[in-house]
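So the structure is just underneath, and the comments pick up after that.
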Amino acid sequence: MATKNKRAKNIIGSKEYIDFPELGLMNIAAKIDTGAFSTALHCHDIHEQNGLLYFKLLDPTHPEYNEQQQVFKSFSQKEIKNSFGESELRYIIKTKVRVGRRTIKSVISLTNRGTMRYPVLVGRRLLKNRFIVDVSKEFIAQLNKKLKKKKTNK
């Protein structure tokens, strides 16, 4: 059976540290959730004004929070079911996400995840044909990245 993506799939754990390089958000803890379709990022003060989308990453209670406001010209809105099964209208952006060695331009929904343990939820839309999730492991993508560098330096 031919595969659409010939690139090798990386093994990641059920939780990983990921980066959003275009947003300046690095090494943020994420829950890898194969039951979720889309990827969600914790933001607050999300609002639209004069055709632009404004938001702040995380919230003041998060240790990585800074008050820098993000501005996007290109965005959309979509009804998405949250973890409680309730539909909510969310803003959607496209930005790069780095998981281990892989950087992917991905669709991200912005929502308040302040009551959740992890500020980022990575869904199967980003994972599909790129990663295999080993649910018995956590935070292994960075380790795999470092091991790969050591092997290529020998």
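The condition of being modelled with pLDDT of 95 or more, more than 16 Å from the chain's Cα centre (by Cα) and either part of a loop (DSSP other than H, G, I, E, B) or not acidic (Asp, Glu) (or both) does not hold for Tyr17. Taking the stretch 74-103 as the range and being over 20 Å from Met116 (Cα atoms) and polar (S, T, N, Q) as the test, the residues that pass are Ser74, Ser76, Gln77, Thr95, Thr103.
Can you tell me which residues in the stretch 16-32 are surrounded by fewer than 20 Cβ atoms within 10 Å (Cβ to Cβ) and within 19 Å of Val133 (Cβ to Cβ)? Listed by number, the residues that qualify are Tyr17, Asp19, Ala29, Lys31.
Listed here are the residues, each with its yes/no results for (1) in contact with an Asp or Glu (Cβ under 6 Å, 6 or more places away or on another chain); (2) surrounded by 12 or more Cβ atoms within 10 Å (Cβ to Cβ); (3) part of a strand (DSSP E or B); (4) not hydroxyl-bearing (Ser, Thr, Tyr).
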| position | (1), (2), (3), (4) |
| --- | --- |
| Tyr54 | no, yes, yes, no |
| Pro60 | no, no, no, yes |
| Arg90 | no, yes, yes, yes |
| Thr95 | yes, yes, yes, no |
| Ile108 | no, yes, yes, yes |
| Tyr118 | no, yes, no, no |
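For Phe84, are the conditions met, namely being part of a strand (DSSP E or B) and either out of contact with any strand residue (DSSP E or B) (no Cβ under 9 Å at 6 or more places or on another chain) or aromatic (Phe, Trp, Tyr) (or both)? The answer is no for Phe84.
Summed over the stretch 38-67, the residues that are within 19 Å of Ile18 (Cα to Cα), touching a residue at least 40 places away in the same chain (Cβ under 8 Å) and in contact with a Gly (Cβ under 9 Å, 6 or more places away or on another chain) give a count of 7. Under the condition of being under 18 Å from Met26 (Cβ atoms), among the charged types (D, E, K, R) and in contact (Cβ under 8 Å) with a residue 24 or more places away in the chain, the residues counted in the stretch 68-112 number 4. Taking the stretch 120-154, which residues are assigned to a helix (DSSP H, G or I), at pLDDT below 90 and of a type outside the set (A, V, I, L, M, F, W, C)? Listed by number, the residues that qualify are Gln142, Asn144, Lys145, Lys146, Lys148, Lys149, Lys150, Lys151, Thr152, Asn153. Being in contact with a strand residue (DSSP E or B) (Cβ under 9 Å, 6 or more places away or on another chain) and loosely packed, with under 13 Cβ neighbours inside 10 Å is a property that Asn50 lacks.
The values are calculated or read from the model by the stated rules, or taken from the named source; none is laboratory data. Bear in mind that the values here come from a model prediction, so they are computed numbers and not experimental data. Glycine gets a Cβ as well: all are built from the backbone with ideal geometry, and neighbour counts include every protein chain shown.
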